[in-house]
Ligand code: CUA
């Protein structure tokens, strides 16, 4: 029996169209599930802008991101805050050392142009903008040396803009 002779009225849906509708709905459910698992069970998060600042003020002597104030602070046992400044073409401080199992919240800003703070083999990958403090938290469980690169093109020295996170045995 063909569709136009069916006794029950209704919208005719071609079998292939029906199949693709089902596939689309299943994909939406799978994607929503993946986002939920990533966000709530794997700790994957979007980096957030923490606050707006005057880049000239925060990086000048005495400022929150001056040479004297950047670095690692232990705020509670096993909990750290790292203040990092990006500039052409270095991360200051370039090296941060923490014991394994530490929870580190990074606060990062730029003195000049847009940079990108990426710690290889971790979820930390954050855009660093002049005028904004970017914030991201990470628990560093595995001892080892993690390279830090800049992943936003920032000029001729972009490729040498590197750093290192050293996670020591607890
Ligand atoms: Cu800094 Cu590329």
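The values are calculated or read from the model by the stated rules, or taken from the named source; none is laboratory data. Remember, it's a predicted structure, so these values are computed and weren't measured experimentally. Methodologically, a virtual Cβ is constructed for each residue, glycine included, from the backbone with ideal geometry; neighbour enumeration extends over all protein chains shown.
For the stretch 156-167, how many residues are within 13 Å of the ligand (Cβ to nearest atom) and surrounded by fewer than 20 Cβ atoms within 10 Å (Cβ to Cβ)? Let's see the steps before the verdict.
Of the stretch 156-167, the ones within 13 Å of the ligand (Cβ to nearest atom) are 156-163.
Among the residues that remain, those that are also surrounded by fewer than 20 Cβ atoms within 10 Å (Cβ to Cβ) are: 156-160, 162.
Result for the stretch 156-167: 6.
Return the residues of the stretch 133-155 that are within 15 Å of the ligand (Cβ to nearest atom) and in contact (Cβ under 8 Å) with a residue 40 or more places away in the chain; say none if nothing qualifies.
Once the filter is applied, which keeps residues that are within 15 Å of the ligand (Cβ to nearest atom) and in contact (Cβ under 8 Å) with a residue 40 or more places away in the chain, the stretch 133-155 yields 134, 148, 150, 154, 155.
Being touching a residue at least 40 places away in the same chain (Cβ under 8 Å) and within 11 Å of the ligand (Cβ to nearest atom), is that true of even one residue in the stretch 92-104?
Scanning the stretch 92-104, I find no residue that is touching a residue at least 40 places away in the same chain (Cβ under 8 Å) and within 11 Å of the ligand (Cβ to nearest atom), so the answer is no.
Quick check: is even one residue across the stretch 66-82 in contact with a helix residue (DSSP H, G or I) (Cβ under 6 Å, 6 or more places away or on another chain), on the phi < 0 side of the Ramachandran plot and in a strand (DSSP E or B)?
Checked the stretch 66-82: no residue is in contact with a helix residue (DSSP H, G or I) (Cβ under 6 Å, 6 or more places away or on another chain), on the phi < 0 side of the Ramachandran plot and in a strand (DSSP E or B).
Quick check on the stretch 57-66. Is at least one of its residues away from the ligand (no atom under 16 Å from the Cβ), modelled with pLDDT under 95 and under 18 Å from residue 165 (Cβ atoms)? Give the derivation first.
Of all residues in the stretch 57-66, those away from the ligand (no atom under 16 Å from the Cβ) come to 57-58, 60-64, 66.
With the extra rule that they be modelled with pLDDT under 95, the set shrinks to 57-58, 60-64, 66.
Now restrict to residues that are under 18 Å from residue 165 (Cβ atoms): none.
For the stretch 57-66, residues away from the ligand (no atom under 16 Å from the Cβ), modelled with pLDDT under 95 and under 18 Å from residue 165 (Cβ atoms): absent.
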